[in-house]
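The values are calculated or read from the model by the stated rules, or taken from the named source; none is laboratory data. Just so it is clear, the model here is predicted, and its values are computed rather than measured. Virtual Cβ from ideal backbone geometry, glycine too; neighbours counted across all protein chains shown.
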Amino acid sequence: MTDDTVLLAVDGAVATVTLNRPETHNAFDDALIARLTRTLEDVGARDDVRVVVLAGRGKSFCAGADLAHMKKAAAFSQEQNVADARALARLLTVLGGLPRPTVALVQGPAYGGGVGLVSACDIALAAERASFALTEVRLGLIPAVISPYVIRTIGESHARRLMLTGERFDAAHARRIGLVHEVVPAEALGARGAEVVAMLLQGSPDAHRRAKALIDAVSGRPIDEALADDVARRIAAARASEDGREGIAAFLEKRAPNWRA
């Protein structure tokens, strides 16, 4: 039987990965988590893919954990619960660690783990009708696995309020706290996503990889001699790289670099 809970469409250098369980609001169960992880791993290994778009089919982007799966997990042993949580952690590690830009298109509600997916992407665009929540405490739980990504994205202060109250908030508030970068009318989400993807495709694939690694290496570190040496070595390596040499040559020769040909 074909597993169509996650759809993959590759158009040129852009891979669109779509959650496809609209009847459950794209909620996570173990099968969806495993399928999405495999799909992202496969996309990450493809040299022809330069940008990854993450979307959800139906009314919701992702409603977090599937209720049937949560009921089943309540009877798990400690070891089974740890293994189940590690599967979600692995998914977020794969998504957050992709060496190419990732863009979340949030067309509807994103709750719990859905907020984690948004936080793990590099760029997030939301429709005006989208809503968000970290409701775990209202179920006697905590947003543990997604917390590193959420706190990194919205900061500790906003995380404290939203993780403790479990309140829903709209797309405008999500933009104010940095969870999403832009809010657009629902009918314009796809077009705006395409514009952002077009901007990303102007950049060098190797430079994208290096830039993401740079951000991870610099974030949270003290500004000291060790950091100064690290970033100096990174720019020196970029200048000497094939894409670095091509980019400078193209600029001086007033032509498009080969990755835009």
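Please determine whether any residue of segment 63-70 is of a type in the set (G, A, S), farther than 22 Å from S147 by Cα, surrounded by fewer than 12 Cβ atoms within 10 Å (Cβ to Cβ) and free of Cβ contacts under 8 Å to residues at least 24 places away in the same chain. No, every residue in segment 63-70 fails to be of a type in the set (G, A, S), farther than 22 Å from S147 by Cα, surrounded by fewer than 12 Cβ atoms within 10 Å (Cβ to Cβ) and free of Cβ contacts under 8 Å to residues at least 24 places away in the same chain.
From G166, G244, G178, G203, which residue is out of contact with any helix residue (DSSP H, G or I) (no Cβ under 7 Å at 6 or more places or on another chain) and not acidic (D, E)? Quick ask: steps written out before the conclusion?
Numbers: G166 fails: out of contact with any helix residue (DSSP H, G or I) (no Cβ under 7 Å at 6 or more places or on another chain); G244 fails: out of contact with any helix residue (DSSP H, G or I) (no Cβ under 7 Å at 6 or more places or on another chain); G178 fails: out of contact with any helix residue (DSSP H, G or I) (no Cβ under 7 Å at 6 or more places or on another chain).
The conditions single out G203.
Taking only segment 153-175 into account, find how many residues are buried (at least 16 other Cβ atoms within 10 Å of the Cβ) and part of a helix (DSSP H, G or I).
Taking segment 153-175 and keeping what is buried (at least 16 other Cβ atoms within 10 Å of the Cβ), we get 153-154, 158-159, 162-163, 166, 169, 171, 173-175.
After this cut, where a residue has to be part of a helix (DSSP H, G or I) as well, the list is 153-154, 158-159, 162-163, 171, 173-175.
Residues flagged as buried (at least 16 other Cβ atoms within 10 Å of the Cβ) and part of a helix (DSSP H, G or I) within segment 153-175 amount to 10.
Determine whether L179 is under 19 Å from P101 (Cα atoms) and touching a Phe, Trp or Tyr at 6+ places or on another chain (Cβ under 7 Å). Spell out how you get there, then give the answer.
Working: under 19 Å from P101 (Cα atoms): yes; touching a Phe, Trp or Tyr at 6+ places or on another chain (Cβ under 7 Å): yes.
Taking the combined requirement at face value, the residue satisfies it.
In the set (1) over 29 Å from P143 (Cβ atoms); (2) assigned by TED's automatic domain parsing to the domain that holds L54, H158 fails one condition alone, (1). Any residue in segment 218-238 that is within 20 Å of the chain's Cα centre (by Cα), over 22 Å from N258 (Cβ atoms) and surrounded by 11 or more Cβ atoms within 10 Å (Cβ to Cβ)? Yes: one or more hits. Test A144 against the criterion of being without any contact (Cβ under 8 Å) to a residue 40 or more places away in the chain and not in a strand (DSSP E or B), and give yes or no. Spelling it out, it is not the case that A144 is without any contact (Cβ under 8 Å) to a residue 40 or more places away in the chain and not in a strand (DSSP E or B).
Quick test for you: out of I154, I123, pick the one residue that is farther than 23 Å from R21 by Cβ, within 11 Å of the chain's Cα centre (by Cα) and of a type in the set (V, I, T). Step through it out loud before you land on a result.
Details: I154 fails: within 11 Å of the chain's Cα centre (by Cα).
Result: I123 is the single residue among I154, I123 that is farther than 23 Å from R21 by Cβ, within 11 Å of the chain's Cα centre (by Cα) and of a type in the set (V, I, T).
Under 23 Å from the mean Cα position of the chain (by Cα), without any contact (Cβ under 8 Å) to a residue 40 or more places away in the chain and either assigned to a helix (DSSP H, G or I) or surrounded by 13 or more Cβ atoms within 10 Å (Cβ to Cβ) (or both): is that true of A194 in this structure?
Working: under 23 Å from the mean Cα position of the chain (by Cα): yes; without any contact (Cβ under 8 Å) to a residue 40 or more places away in the chain: yes; either assigned to a helix (DSSP H, G or I) or surrounded by 13 or more Cβ atoms within 10 Å (Cβ to Cβ) (or both): yes.
It is true that A194 is under 23 Å from the mean Cα position of the chain (by Cα), without any contact (Cβ under 8 Å) to a residue 40 or more places away in the chain and either assigned to a helix (DSSP H, G or I) or surrounded by 13 or more Cβ atoms within 10 Å (Cβ to Cβ) (or both).
Conditions tested, residue by residue: (1) assigned to a helix (DSSP H, G or I); (2) under 27 Å from P148 (Cβ atoms); (3) not assigned by TED's automatic domain parsing to the domain that holds G44.
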{"position": "R221", "(1), (2), (3)": "no, yes, yes"}
{"position": "A228", "(1), (2), (3)": "yes, yes, yes"}
{"position": "E246", "(1), (2), (3)": "yes, no, yes"}
{"position": "A249", "(1), (2), (3)": "yes, no, yes"}
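What number goes with the only condition from (1) crowded, with 21+ Cβ neighbours inside 10 Å; (2) assigned to a helix (DSSP H, G or I) that V183 does not pass? The number of the failed condition is (2).
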